[in-house]
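Q: My questions all concern the structure below.
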Amino acid sequence: MRVVVAFLLILGIVVAAFAETPEEALCVVCATNGETELEKVVATREYKGSTYYFCSQKCAQAFDANPATYVFEAGTAPTATWKTMAGESLSLESMRGQVVLLDFWATWCKPCVKSMPELDAMYRDYQKLGLAVIGVAVETGKDREKKVKKFLAKKPVGYPIVIDEEEAGSWEAFNVGALPTLYLIDRDGRIVERWTGIIDMAAVRGAVDRAIGMQAK
């Protein structure tokens, strides 16, 4: 009898789960890459009390490998030290006391390139109020520094650009799964916002404005 009751309880849970699963939803992995359209739900996962939907088993498996890549959680920013294009050392810890926009980008990433002028404008507008912007180039190959220098010669920005390591770089520590990925870090070194894919730069400016504590210009 106990076995039968247990089986019926499990069956009820399974049926309820399927009944609550929508036919279409936004795949959290695809959304990280900028997708905004609903897709047919092929798989689901429970993570920290929330349900996430996926358009394929491949996306579900990518989520299983590292959920933090796809689910934003506020918390203390990882430590990171880079070399600027001028060869100077720059650490995230040295930015403590400032609000930081940390932009993971690449020369070949069109959404990254599109957002850079607005990042530069925010840097100019808010620099004196305590905003720092760091562009972390995620490039591959031995000539990655050459590629970034060539890009910046045509599209210069006022904020510092650094080149991340190909392996065990800061992009791994920050669980970057798509480009661009933009983090907002407060004056105490805590990550308070994250944006990925096609980024609404007006929303970023609003978040920066709140972090700085000033009314938007």
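Q: Quick one: which of Val99, Val133 is out of contact with any Gly (no Cβ under 7 Å at 6 or more places or on another chain) and surrounded by 13 or more Cβ atoms within 10 Å (Cβ to Cβ)?
A: Step by step, each of Val99, Val133 is checked, and only Val133 is out of contact with any Gly (no Cβ under 7 Å at 6 or more places or on another chain) and surrounded by 13 or more Cβ atoms within 10 Å (Cβ to Cβ).
Q: Here is a follow-up. Residues of the range 65-82 being in a helix (DSSP H, G or I) and surrounded by 12 or more Cβ atoms within 10 Å (Cβ to Cβ), which ones?
A: Within the range 65-82, Pro67, Ala68, Thr69 qualify.
Q: Separate question: Only one of (1) surrounded by fewer than 16 Cβ atoms within 10 Å (Cβ to Cβ); (2) at pLDDT 90 or above; (3) not acidic (Asp, Glu) is not met by Cys55, so which one is it?
A: Among (1) surrounded by fewer than 16 Cβ atoms within 10 Å (Cβ to Cβ); (2) at pLDDT 90 or above; (3) not acidic (Asp, Glu), Cys55 violates only (1).
Q: Condition first: of a type outside the set (Gly, Ala, Ser), in contact with a strand residue (DSSP E or B) (Cβ under 6 Å, 6 or more places away or on another chain) and either part of a strand (DSSP E or B) or modelled with pLDDT of 90 or more (or both). Now tell me which residues in the range 25-37 satisfy that.
A: If the condition is that a residue be of a type outside the set (Gly, Ala, Ser), in contact with a strand residue (DSSP E or B) (Cβ under 6 Å, 6 or more places away or on another chain) and either part of a strand (DSSP E or B) or modelled with pLDDT of 90 or more (or both), then Cys27 is the only one that fits.
Q: Hey, any hits in the range 116-123 for a residue that's surrounded by 19 or more Cβ atoms within 10 Å (Cβ to Cβ), more than 18 Å from the chain's Cα centre (by Cα) and within 22 Å of Trp195 (Cβ to Cβ)?
A: Yes, the range 116-123 contains a residue that is surrounded by 19 or more Cβ atoms within 10 Å (Cβ to Cβ), more than 18 Å from the chain's Cα centre (by Cα) and within 22 Å of Trp195 (Cβ to Cβ).
Q: Now for a different question. All but one of (1) farther than 20 Å from Arg194 by Cβ; (2) modelled with pLDDT of 95 or more; (3) among the hydrophobic types (A, V, I, L, M, F, W, C) hold for Met85; state the number of the condition that does not hold.
A: Going through (1) farther than 20 Å from Arg194 by Cβ; (2) modelled with pLDDT of 95 or more; (3) among the hydrophobic types (A, V, I, L, M, F, W, C) one by one, Met85 breaks only (2).
Q: Working carefully through the options Val157, Val162, Val148, find the one that is over 24 Å from Val71 (Cα atoms), at pLDDT 95 or above and in contact with a Phe, Trp or Tyr (Cβ under 6 Å, 6 or more places away or on another chain).
A: None of the others qualify; the one that does is Val162.
Q: Suppose we filter the range 60-72 for residues that are free of Cβ contacts under 8 Å to residues at least 40 places away in the same chain and of a type outside the set (A, V, I, L, M, F, W, C); how many remain?
A: 3
Q: Tell me, which residue of the range 39-60 that is assigned to a strand (DSSP E or B) and basic (Lys, Arg) is farthest from the chain's Cα centre (by Cα)?
A: Checking each candidate, the answer is Lys40.
Q: May I pose another question? Can you tell me which of (1) surrounded by 20 or more Cβ atoms within 10 Å (Cβ to Cβ); (2) touching a Gly at 6+ places or on another chain (Cβ under 7 Å) is the one Thr181 doesn't meet?
A: Here Thr181 meets the rest and fails (2).
Q: Okay, next question. Any idea which of Leu92, Leu101, Leu129 is over 19 Å from Ala203 (Cα atoms), out of contact with any Lys or Arg (no Cβ under 8 Å at 6 or more places or on another chain) and either aliphatic (A, V, I, L, M) or modelled with pLDDT of 95 or more (or both)?
A: Leu92
Q: Further, regarding this structure: Could you list, in sequence order, all residues of the range 167-206 that are at negative phi, in contact with a Lys or Arg (Cβ under 8 Å, 6 or more places away or on another chain) and of a type outside the set (A, V, I, L, M)?
A: Selection gives Thr181, Tyr183, Arg187, Asp188.
The values are calculated or read from the model by the stated rules, or taken from the named source; none is laboratory data. All of these numbers come straight from a predicted model, not from anything done at the bench. We place every Cβ from the backbone using ideal geometry, glycine too, and count neighbours over all the protein chains shown.
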